[in-house]
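The structure appears right after this line, and notes come after that.
Only the coordinates and a few stated rules stand behind these numbers; no lab work does. Owing to the predicted nature of the structure, the values given are computational and were not obtained by experimental measurement. Reconstructed Cβ throughout: ideal geometry from the backbone, glycine too, with neighbour counts over all protein chains shown.
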Amino acid sequence: MLLLGGCRGAFAQNDTTNKIADSTDRVFYKVEVESEFPGGIPAWTRYLEARLVYPPKAVQDHIEGTVILQFIVDKTGHIYDLKALSGDPVLQEAALRVMRGSPKWKPAVQNGRVVKSYKKQPIVFRFGPGQ
């Protein structure tokens with residue numbers, strides 16, 4: 001059995017500096033209320049279990065590991081500027097593919113307002129016992 005999943009929670013970048021996208025629209029690194037997958041961690045886990053495919057080459061070569069994805073969640077929950085920051089390239093492509101198909105996320109909140117924010121999301125690829 002192959003185990004696919006994300007860490008128990010996603011995490012935002014720890015940098016407290018805000019990136020200015022333009023003079024009126026910021027993309028926040030740190031926010032009061034993080035953006036999240038709709039339905040939270042349980043829904044994220046179900047989403048991964050249903051859609052994440054362990055790459056055949058990774059199975060063949062017994063490649064395990066964690067891929068860290070970074071992206072921006074906009075004010076309407078759409079994700080963009082998606083990239084893999086770490087992990088084996090074979091696993092990165094599978095993680096990027098599943099994230100590209102993701103439904104809209106619940107956007108972050110700062111000072112009572114919905115804002116754009118950076119998000120880092122780990123996706124873990126592990127073989128089950130006896131694999």
### Query
So what's the net charge close to Ile68: Lys and Arg +1, Asp and Glu -1, counting the other residues with Cβ under 11 Å from its Cβ?
+3
### Query
Around Tyr54, with a cut-off of 15 angstrom between Cβ atoms, what is the net charge of the other residues, counting Lys and Arg +1 and Asp and Glu -1?
-1
#### Entry: Dipole magnitude of the range 25-131, debye to nearest 20 (Cβ charges: Lys/Arg +1, Asp/Glu -1, about Cα centre)
340
### Message
Can you tell me which aspartates and glutamates have their Cα less than 19 Å from the Cα of Lys104? Leave out same-chain residues fewer than eight positions away.
### Response
Glu34, Glu36, Glu49, Asp74, Asp81
### Summary
With the range 43-131 reduced to its Cα atoms and the Debye formula applied, log10 I(q)/I(0) at q = 0.25 1/Å amounts to -1.28
